[in-house]
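This report refers to the structure that appears directly beneath it.
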Amino acid sequence: MRDRRERTRGRKRWVVTTKNETRFHVGNERKRIAISGGDTVGVEIKESGVSEEEFARMKRFVRDYLTASVESESDGGRMRWYPWHSAEYRFNHILNVVELGAKIAREEGADVDTVKVAALFHDISKLEADQDEHADEGARVAREYLTAHGDFPESFVESVCQAVEDHSYQGPLSDVSLETQCLMEADILDKVGANGTALMLLRMGYEARSHMDAATMVERVLERGREHTSRLESDTATSLAHQRLKRVKWFREWLEAEVTEMDVDDPML
């Protein structure tokens, strides 16, 4: 990818060229030129279509949907306080992915609105659907919401839903659209740093583990982080991953230094 940043009449301008298209971002205006066999076949020009008020309404909808998903469990929601099954944790994760995804999208020249809205809906069905179905279900919910609320272009709705549907794809990130890539990289990053570490420590409490196990559990965050971040494609996400993994490594070292008789290689764990 070739990324060139310029200034145009006081507004930041991005020119991003990939194999199949060239995208121009000037202020809030976005132009996309599709390339086919070296020929320009179409130009799409549109203004940023999601207002702050619309995005705020989407956030409220997603939060309420997650809460209702947990409360409707047949066992009365007894698992809602377990980290992965908590509506509060899931919504916090979603907001983190929104922020990270937007940051990556801006730096990499992706459509920021598409990435933000897709990130907001990507795990909306996580608490009510099986793991291998939650992406498809999330895309369905996103489509229903976007078509019923606001006057969003069909192309925008399709891009958002495709990103939500594809975000659990386990193949190379180079196979998916740039917007989906930004979403997937943000999803990976949120599991790597302080948030992933805090979640693992919460799991220790749920499993009644001793604080002596903390360094071992944090080491697992590092191992999984290295594995997941090996999939990253963009320079922006790779740089963020490096920073986050370094912080987790420091935290593990502090635990080892300050908690006596702590052994990362304890064979009983």
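Values quoted throughout were computed directly from the atomic coordinates according to the rules given, and no laboratory measurement underlies them. The structure presented is a predicted model; accordingly, all values stated were derived computationally and were not measured. Ideal geometry is used to build each Cβ from the backbone, glycine not excepted, and the neighbour counts take in all protein chains shown.
The stretch between R247 and A194 holds 18.3 nm of extra length on full extension. This uses 0.36 nm per residue minus the Cα-Cα distance. Each label point was placed 7 Å from the Cα along the Cα-to-Cβ direction; for Q170 and A68 their separation is 3.2 nm.
Take peptides 88-96, 187-195 and line them up by average Cβ neighbours within 10 Å, highest first, as a rough protection proxy. Mind showing how you got there, number by number?
Working: 88-96: 18.6, 187-195: 21.3.
Taking the mean over residues of other Cβ atoms within 10 Å, the ranking is 187-195, 88-96.
Projecting the alpha carbon convex hull of segment 52-181 along each direction and taking the average yields 7.9 nm².
On a per residue basis, the convex hull of the C-alpha atoms belonging to segment 129-207 measures out at 131 Å³.
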